[in-house]
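Asks: Let me begin by handing over the structure; questions about it come next.
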Amino acid sequence: MAKGRPRTFDRDEALDRATMEFWRHGYEATSIAGLTGAMGINPPSLYAAFGDKRRLFTEVVERYQRSYGAFAARALDEEPTARAAIERVLREAAAEYTDPAHPWGCLIICAAVNCGSPDVEAEMRGRREASKAVIRDRIAADLDAGHLPAGVDPDALATFYAATIQGMSTQARDGAPRERLEAVADLAMRAWPSSAARPQPVDAGPSRAD
C-alpha cells in the first residue's frame, strides 16, 4: 500500500499566516483563495490539514488567545488587585492594538463584524463574554475583600471596562495611535470607584449664641 504524501509546509507558519488574514479582513471577507495564497498551500492541503474554513478559524482564534491576545488573561491572573489588573490590561491593549508588526485592533473583537455566520458570531460573543466574566470575578473578589466601596455593581463595572477595551480595538482599527489609546486608558481609570471616597461633612458655619 502506497504511503500518503507527507506535508510539504510548516503547519505553525501556515496558521500564523491564516491568523493575519482573518485578523486583517475578518471571517466573512476572508476567502479560501486568500487563505491558501497567504498560507502558501493549495485547497486540498488546507482541507486535509485544517478541515474547512470554519474549523480553521476556530483554531486561529484559539492560537490568537494563546499568543497575541494572551496579555489580558496574564494581567488578570498576575496582578494583586482588580484595579491593577484592569489598568495593566488597558495599557497593554494600547500597545498591542497598535503594534505595527500585525493588523491593528483585537481579532476576537473585530473578526466577526458584519458576519453572516450566526455560529461564528455566537462563538466570538461567547469568548468576549468569558473575558468579561473574568473581569467581573476579579472585581467581585476585591469588593468582598473591602478594596472597593460597598454598593459597587461588579457586573456594571465589568461591562464598562469590557466596553472600553472593545472601543479601544475599534479606534485602533480606525487608525488611532498608541498615545491616544493610552489617554483613553487614563480617562477610564479615573472612573474606578475609590474605597477612600467618603462624603465630606457639611460646614454649618459659626454657631450663634442664643
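The values are calculated or read from the model by the stated rules, or taken from the named source; none is laboratory data. As the structure is a prediction and not an experimental result, all values here were calculated from the model. We place every Cβ from the backbone using ideal geometry, glycine too, and count neighbours over all the protein chains shown. In case anyone asks, the SASA skips ligands and DNA or RNA and just uses the protein heavy atoms, side chains included. Shrake-Rupley method; radii C 1.70, N 1.55, O 1.52, S 1.80 Å.
Asks: Could you figure out which of (1) within 24 Å of His102 (Cβ to Cβ); (2) modelled with pLDDT under 95; (3) of a type in the set (D, E, K, R) isn't true of Lys132?
Replies: Unmet condition: (2).
Asks: Condition first: touching a helix residue (DSSP H, G or I) at 6+ places or on another chain (Cβ under 6 Å) and either part of a loop (DSSP other than H, G, I, E, B) or surrounded by 15 or more Cβ atoms within 10 Å (Cβ to Cβ) (or both). Now tell me which residues in the stretch 43-52 satisfy that. Don't jump to the end; show me each part of the working.
Replies: Start the filter on the stretch 43-52 by keeping residues that are touching a helix residue (DSSP H, G or I) at 6+ places or on another chain (Cβ under 6 Å), which leaves 43, 46, 50.
Across the stretch 43-52, the qualifying residues are Leu46, Phe50.
Asks: Condition (residue is in contact (Cβ under 8 Å) with a residue 40 or more places away in the chain and within 15 Å of the chain's Cα centre (by Cα)) applied to the stretch 44-59: is it met by at least one residue?
Replies: No: the stretch 44-59 contains no residue that is in contact (Cβ under 8 Å) with a residue 40 or more places away in the chain and within 15 Å of the chain's Cα centre (by Cα).
Asks: Sticking with this structure for a sec: List every residue pair whose Cβ atoms lie under 8 Å apart, where the two residues are 6 or more positions apart in sequence or sit on different chains, the first residue falls within the stretch 131-159 and is in contact (Cβ under 8 Å) with a residue 24 or more places away in the chain and at positive phi, and the second residue, located anywhere, is open to solvent by 40 Å² or more (accessible area, probe 1.4 Å) and not hydrophobic (A, V, I, L, M, F, W, C).
Replies: So the pair list comes out as Gly146/Ser195.
Asks: Could you list, in sequence order, all residues of the stretch 60-109 that are more than 17 Å from Thr159 (Cα to Cα), touching a residue at least 60 places away in the same chain (Cβ under 8 Å) and assigned to a helix (DSSP H, G or I)?
Replies: Hits for the stretch 60-109 are Val61, Gln65, Arg91, Ala94, Ala95, Leu107.
Asks: For the stretch 110-149, name all the residues that are touching an Asp or Glu at 6+ places or on another chain (Cβ under 9 Å), open to solvent by 50 Å² or more (accessible area, probe 1.4 Å) and not in a helix (DSSP H, G or I).
Replies: Matches in the stretch 110-149: Val113, Asn114, Gly116.
Asks: To continue, here is another question. Which residue, of Ser45, Ser117, Ser31, Ser67, is of a type in the set (Gly, Ala, Ser) and under 27 Å from Arg136 (Cβ atoms)? Write out each step before concluding.
Replies: On the way: Ser45 fails: under 27 Å from Arg136 (Cβ atoms); Ser117 fails: under 27 Å from Arg136 (Cβ atoms); Ser31 fails: under 27 Å from Arg136 (Cβ atoms).
Answer to the selection: Ser67.
Asks: Would you mind telling me which numbered condition in (1) open to solvent by 40 Å² or more (accessible area, probe 1.4 Å); (2) aromatic (Phe, Trp, Tyr); (3) under 15 Å from the mean Cα position of the chain (by Cα) Phe71 fails?
Replies: Only one criterion in (1) open to solvent by 40 Å² or more (accessible area, probe 1.4 Å); (2) aromatic (Phe, Trp, Tyr); (3) under 15 Å from the mean Cα position of the chain (by Cα) is unmet by Phe71, namely (1).
Asks: Another question about this same structure. Looking at the stretch 150-162 only, could you name the residues that are open to solvent by less than 60 Å² (accessible area, probe 1.4 Å) and not in a loop (DSSP other than H, G, I, E, B)?
Replies: Our first condition is that a residue be open to solvent by less than 60 Å² (accessible area, probe 1.4 Å); within the stretch 150-162, this holds for 152, 154, 156-158, 161-162.
Result: Pro154, Ala156, Leu157, Ala158, Tyr161, Ala162.
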